[in-house]
Structures are given as structure tokens and as C-alpha cells.
Amino acid sequence: MLSKKILTAVFFAVIILFPAVTLFLPKQNFSELENRSLATAPTFSLQSITDKSFMDQTETYLADHIVLREQIAKAKTALDLLSGKREIGGVYVCDDMLVEHISQPDADITASNAQAINAFAQKYADTMQTTVMLVPTAEAVYPQKLPAFAPHIDQTEYIRSFYDQLDNVNTVDAYTVLTAHQKEYIFYRTDHHWTSYGAYLGYTALAKPLGFKAATADMFNIEHVSHDFLGTLYSKALCGEKMADSIDLYTYSQGDPVTDVIRYSGKNKQTYSSIFFRENLEGKDKYTVFLGQNNGLVRIQTNVDNGKKLLVFKDSFANAAMQFLTLHYEEIAVVDLRYLNVPLSDYLDLSEYDQALFLYNVGTFTSDTSLRKVTTY
């Protein structure tokens, strides 16, 4: 009898009391734990009632704001792990790290990306050398760590196949240098990005194709700025607190070459003196210490007086690589096409740039439709 009363009380709390309390509690617009925006309150209208969207939006809204939501989500993850489940929210939970599961590539997007890069390279063939580096993710570098029989795509074959579709474009092998150092700390344990050392290895792979001599690792001062970083994969799986990451910043021992970092936001721009946004280490998304929050265009100016300018089309993997690339260019324009919704010519004269680099990780690249924008530049 007592157990039935307890079950009834739990049922009442979950079905009636929790939603009721949720409606009256203050609401957050953003979940730092999951690193995403939360649903806003649905708008009541005859149309939303007729097409049933009001109820769907209400369900999503309550799910995003229900009282004790984060505790409930963590408890569900714990139960899933106890039951033997090892993929949670698109993340493989391995013994000593979380690994992002990369979905099967979209063939149409891949073909479109190849066409876009080829068109860009052909248009600027007389003035700009174009280079592409696709970075394999931890899923490809650490297949031995994945749960038994865990499905995963052959990223090396994907990269090779994509490179075969490019014409008059330099291609860079990042897989070989990363796997050669796989016993070192080259990917975060709770985040999908490579670490600063992983980015350094990628930089060394870029040296010959881009025509510079890479600085050796001992030429940098390494500053350990965080030891409690819980990244994007933790936010998805809601487990792995004991795997918390450290973040390192590399600065050139002979002096930082960066003079100005200009971030554009619409018609506004702000100028900073460093590529490191240290204040972001106080928040949840600590990886944004590199170049700050995602932005359409960032111009980095240096005291390197060699007349060389680099145009980088990228995802956030490239942000950590700027610690090293700034040693070799007078200016680097860093473009994230996902966040740039105006013509690039509004900000840059592309004829001034000697080299273009497309730097993406495979996970982003296989689903990114924004690259088609380069055909308009």
C-alpha cells in the first residue's frame, strides 16, 4: 500500500506538479550546461491551434524549462550507462574520453562543397593559391577506444575521395601527423576540438603546402590556463566530469607578433590586442578563449613585415591554429561562412590576399551547406 502511495505521489509530481511549478519559476534563455539556447514561450493563435504547432511548442518549452531539468537529465544518463548503453546524444562514452560520433556524410553536400572550392580556386587562380585541409576527428584517430562494434565512417577514405574531386588545389594530410602522436594529448576528452598541441601538429602539416618553415614546439611558452574544462561532448552526454580537460595557450618565446584583432559584427567592429579572450575562461564555453565567440569575420594584423596575407575559410577547429599561423603572415582574415550573411567584399578586397586556406574538421564539413557562399565572392 505504501509503495502505491509513493508511486502515486511521484506520478503526480512529474505529470502535474513539475509543469505547474515550471510555469511560475523564472526562465533562462540559455543553458550553459548544454551550451545551447532554450525554447521560448509559444505564441497562442488560432493558426497555431489549428495546425497543432502550439502544443508541440508548449511541449518543447516545458521540456526545456521544467524544474530540476538538468538533474533529471543527468540521472537519465547515469541510468543509461548502468544499463550498458555507450552512445548518448551522439557521443560515444569511452573509458578515458568522450568521442563524437560522425554521421554518414551527405553526398550532395560533399559534392556541392567540392564544386564551391573548385570554383573559388579557379576564379582566383592568377592571384591566390588555394589549399584545403580536412582534419579527422577523434573518432578516426582513436578507433581502438570506441565501444565494441560501434559504427563509424572511414574518415581517411572520405578525405581521400573528397581531395580527388578538387582541381588545382593543394591538399594537406592531417591524419598521418595526428595518428603518429595519438598517445599524446591532441584531442580534448570532453570536447570535439583538438587541443592546442593537436592544432600545433596541424600547423606543422600546413608548413610545406603554405610555404613557410614551422616553428619548433620548444620555441613557444606554454601557459596552462584551465584545468576544469567540460566541453561540447560533455554537454551532449551529460557525463564525464572526472575527464575534465586542461587548456593551454601557446605564445611565441621571441614575442607575440599580433598587434590588432578586429572582430566584425554587422556594420560594427571591435578591435582587441590579442587572439586570446581570457575572460571566456570564466564561463562554460572555455574553448572560445581562442578568437572569442563564433563570428563571421575576424581580421588578425601582425608585425610580420613580409607582405603575405592569408584568407582562411573555416570552422572552429581553425581558431586554435591561429596561435601558430600568425607567425608567418602580415594579416590573416578568418572567415566562418556559417555566421557571415553579407558579401565578403563589404569588408575585404580579396585581390590583396596571396593564399586561401579551407580548414575544417570532417564532422562539420560533411554537413556544412554554407561553403556554397564562396561561389559568390
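Some values worked out for this structure:
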| read-out | value |
| --- | --- |
| Number of the condition not met by Ala217 [criteria: (1) in contact with a Lys or Arg (Cβ under 9 Å, 6 or more places away or on another chain); (2) small (Gly, Ala, Ser); (3) modelled with pLDDT of 95 or more] | (1) |
| Residues of segment 289-299 satisfying the condition of being within 13 Å of the chain's Cα centre (by Cα) and open to solvent by 10 Å² or more (accessible area, probe 1.4 Å) | Gln293, Asn294, Asn295 |
| Residue match in segment 273-284 (condition: assigned to a loop (DSSP other than H, G, I, E, B), modelled with pLDDT of 95 or more, in contact with an Asp or Glu (Cβ under 6 Å, 6 or more places away or on another chain) and open to solvent by 10 Å² or more (accessible area, probe 1.4 Å)) | no |
| Residue check, Leu166 farther than 22 Å from Ser253 by Cβ, crowded, with 16+ Cβ neighbours inside 10 Å, over 20 Å from the mean Cα position of the chain (by Cα) and modelled with pLDDT of 95 or more | yes |
| From the options Val99, Val93, Val135, residue that is among the aliphatic types (A, V, I, L, M) and closer than 18 Å to Tyr163 by Cβ | Val135 |
| Condition broken by Arg160, with the remaining ones in (1) more than 30 Å from Leu281 (Cα to Cα); (2) of a type in the set (Lys, Arg); (3) surrounded by 21 or more Cβ atoms within 10 Å (Cβ to Cβ) satisfied | (3) |
| Selection count, segment 311-335, where residues are in contact with a strand residue (DSSP E or B) (Cβ under 6 Å, 6 or more places away or on another chain) and closer than 16 Å to Asn294 by Cβ | 11 |
| Members of segment 101-143 found to be in a loop (DSSP other than H, G, I, E, B), open to solvent by 30 Å² or more (accessible area, probe 1.4 Å) and over 30 Å from Glu352 (Cα atoms), listed by number | His101, Ser103, Gln104, Pro105, Asp106 |
| The one condition in (1) at pLDDT below 95; (2) charged (D, E, K, R); (3) under 22 Å from Leu344 (Cβ atoms) that Glu330 fails to fulfil | (1) |
| Long-range neighbours under 6 Å by Cβ, at least six apart or interchain, first residue touching a residue at least 24 places away in the same chain (Cβ under 8 Å) within segment 235-248, second of a type in the set (S, T, N, Q) and open to solvent by 30 Å² or more (accessible area, probe 1.4 Å) | Ser235/Asn35 |
| Any hit, segment 319-326, residues being surrounded by fewer than 21 Cβ atoms within 10 Å (Cβ to Cβ) and either at pLDDT 95 or above or of a type outside the set (Val, Ile, Thr) (or both) | no |
| Segment 310-328, residues that are of a type outside the set (Phe, Trp, Tyr) and in a helix (DSSP H, G or I) | Ala318, Asn319, Ala320, Ala321, Met322, Gln323, Leu325 |
| From Thr302, Thr259, residue being open to solvent by less than 30 Å² (accessible area, probe 1.4 Å), farther than 28 Å from Thr369 by Cα, polar (S, T, N, Q) and in contact (Cβ under 8 Å) with a residue 24 or more places away in the chain | Thr302 |
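This table checks each residue for (1) touching a strand residue (DSSP E or B) at 6+ places or on another chain (Cβ under 8 Å); (2) over 25 Å from Glu241 (Cα atoms); (3) of a type in the set (Lys, Arg).
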| site | (1), (2), (3) |
| --- | --- |
| Val135 | yes, yes, no |
| Asp167 | no, yes, no |
| Ala174 | yes, yes, no |
| Thr190 | yes, no, no |
| Gly198 | yes, no, no |
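The values are calculated or read from the model by the stated rules, or taken from the named source; none is laboratory data. The structure displayed is predicted, hence computed values, not measured ones. Using ideal geometry, Cβ is built from the backbone for each residue, glycine included, and neighbour counts are taken over all protein chains shown. Heavy atoms of the whole protein, side chains included, go into the accessibility calculation; ligands, DNA and RNA do not. Shrake-Rupley method; radii C 1.70, N 1.55, O 1.52, S 1.80 Å.
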